[in-house]
1. As I understand it, the value is the acute angle between the Cα axis of helix 232-246 and the longest principal axis of the Cα atoms of the chain; what does it come to in degrees, rounded to 10?
2. Which shape class, rounded, prolate or oblate, goes with the chain when its Cα gyration tensor gives a ≥ b ≥ c as root eigenvalues, a/c under 1.5 marks rounded, and past that a/b bigger than b/c marks prolate?
3. I'd like the Karplus ³J(HN,Hα) series for region 249-263: coefficients 6.51, -1.76, 1.60, θ = phi - 60°, whole numbers in Hz, and an x wherever there's a Gly or Pro.
4. Once the Cα atoms of region 252-387 are picked out, what are the Rg and Dmax in Å?
5. Across region 363-379, in residue order, what do the Karplus-derived ³J(HN,Hα) couplings come to in whole Hz, using 6.51 cos²θ - 1.76 cosθ + 1.60 with θ = phi - 60° and x for Gly and Pro?
6. Gap in Å between the Cα centre of region 92-123 and the Cα centre of region 161-193?
7. From largest accessible area down, sort Arg95, Arg354, Arg150; use a 1.4 Å probe on the protein chains.
8. Which angle between 0 and 90 degrees, to the nearest 10, do you get for helix 320-330 versus the longest principal axis of the chain when only C-alpha atoms count?
Amino acid sequence: MPYKLFIFAIKFKPKMKKLSILFLAFIAFSCQEKNNSDGPQLTATTLNVEDGTQVYLSVLGDKGSPEVIDTVSVNQNKFTIDLPTVDFQTLNFLRIENVQGNMLFINENEDLTAKVYKDSLRASKVNGGENNEVFNKYVSVLEEDANKMRALSQKYSNPEMLKDPKVMQEARAEQSKIQDESMQKRKEVIENNPNSLVSLLALSDMLNSKSIPSNEIKDLYSGLSDNVKNTSLGKQIKEALDKVSATAVGSKAPSFSGPNPEGKEIALEDVMGEVTIVDFWASWCKPCRVENPNIVKLYNKYHDKGLNIIGVSLDKNNAKDKWIKAIEDDGLTWPQISHLQYWKGPIASQYGIRSIPATYILDENGVIVAKDLRGDALENKVKELLEKA
């Protein structure tokens with residue numbers, strides 16, 4: 001029962017995942033501590049960070065990637081870094097040289113303080129300003145929910161327990177309750193803070209989780225202030241919401257095409273059946289590989305009755321052999337295509353794919369009638385649609 005904190009585990013997500021805070025630009029010069037600035041400053045104390053260690057300050061750029069704007073050195077377990085004077089809140093990141101991870105904070109023209117623990121950036125915290133307070137409370141809520149999910153996972157860690165249908169049903173009910181409560185907390189953050197960048201982080205989290213309908217997320221987004229919407233992150237989320245709307249249940253599935261393992265171009269229209277499943281997966285995705293036997297069973301049972309499937313792989317450019325081997329090993333006999341561009345593949349981008357496995361179920365007219373169903377729920381939907389056809 002995996003559970004992801006939005007800022008601490010954005011590894012599997014494409015564009016918005018650039019909030020996973022990987023640095024694409026570095027600067028080669030070093031600025032010493034400045035204590036004579038009239039603008040806002042961040043003053044930090046550090047633990048177990050050697051003198052001379054570089055601290056990099058980045059801001060979330062217009063292209064959705066952190067951009068380094070300044071650097072200072074640690075001196076006697078302290079550093080002070082000047083913050084730009086801004087017209088509105090900005091998302092900023094601190095990276096410590098030779099330390100994995102980043103610290104996220106909000107610049108709102110307030111002096112800030114921080115405690116930086118070299119061995120645990122997650123435990124480190126920036127204080128100061130109204131929105132950093134909102135952010136810190138939000139992170140605490142997420143950590144609390146994650147602890148609940150871990151405790152639940154531990155409670156049902158014995159595989160033998162889950163063989164009992166009643167126990168499995170109980171576990172799913174408890175999981176669903178925690179997730180519903182967590183989503184409600186995010187909604188409250190957004191509704192109570194329409195002029196805060198923290199609300200955008202909560203929206204990003206909700207989008208990635210796919211836990212609530214896209215129209216609800218759009219309603220929450222519409223309630224935000226124009227200042228928030230016009231930030232780089234606000235524009236990214238608007239773009240993501242537009243993509244989600246294009247692939248929402250009830251919409252006509254966007255057309256696409258891609259090369260199969262032999263290099264032949266195959267389009268969605270080429271494989272349409274009475275019911276069609278678009279299956280996003282990858283050879284490196286363990287949950288996908290676990291689910292593949294169920295898809296194979298479903299295909300073998302209903303293909304002659306009108307079910308077609310097209311697989312879209314998110315494998316990497318240097319992993320074509322692994323993709324082909326996974327197709328053979330898992331017995332995927334339906335059409336398979338991939339641009340071998342990982343998360344940046346044009347089809348994944350077109351459909352706004354942020355996590356896999358992801359499935360879209362289309363009716364005979366190519367209209368999306370359901371998404372991301374698994375197991376019995378998927379089979380029941382396919383059966384229902386074929387009986388209507």
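1. 10
2. Prolate, since a/c reaches 1.5 and a/b exceeds b/c.
3. Residue by residue, region 249-263 yields 4, x, 8, 6, 4, x, 6, 7, 8, x, x, 7, x, 8, x Hz.
4. 13.6, 43
5. Using θ = phi - 60°, the values come out as 8, 5, 9, x, 8, 6, 10, 6, 9, 6, 8, 9, x, 4, 4, 5, 5 Hz.
6. 31
7. On the way: Arg95 45, Arg354 20, Arg150 140 Å².
Output order, biggest surface exposure first: Arg150, Arg95, Arg354.
8. 50
The values are calculated or read from the model by the stated rules, or taken from the named source; none is laboratory data. Note that the coordinates shown come from a computational prediction; the quantities given were computed from them, not determined experimentally. Virtual Cβ from ideal backbone geometry, glycine too; neighbours counted across all protein chains shown. To get the accessible areas, we keep the full protein, side chains included, count just its heavy atoms, and leave off ligands, DNA and RNA. Shrake-Rupley method; radii C 1.70, N 1.55, O 1.52, S 1.80 Å.
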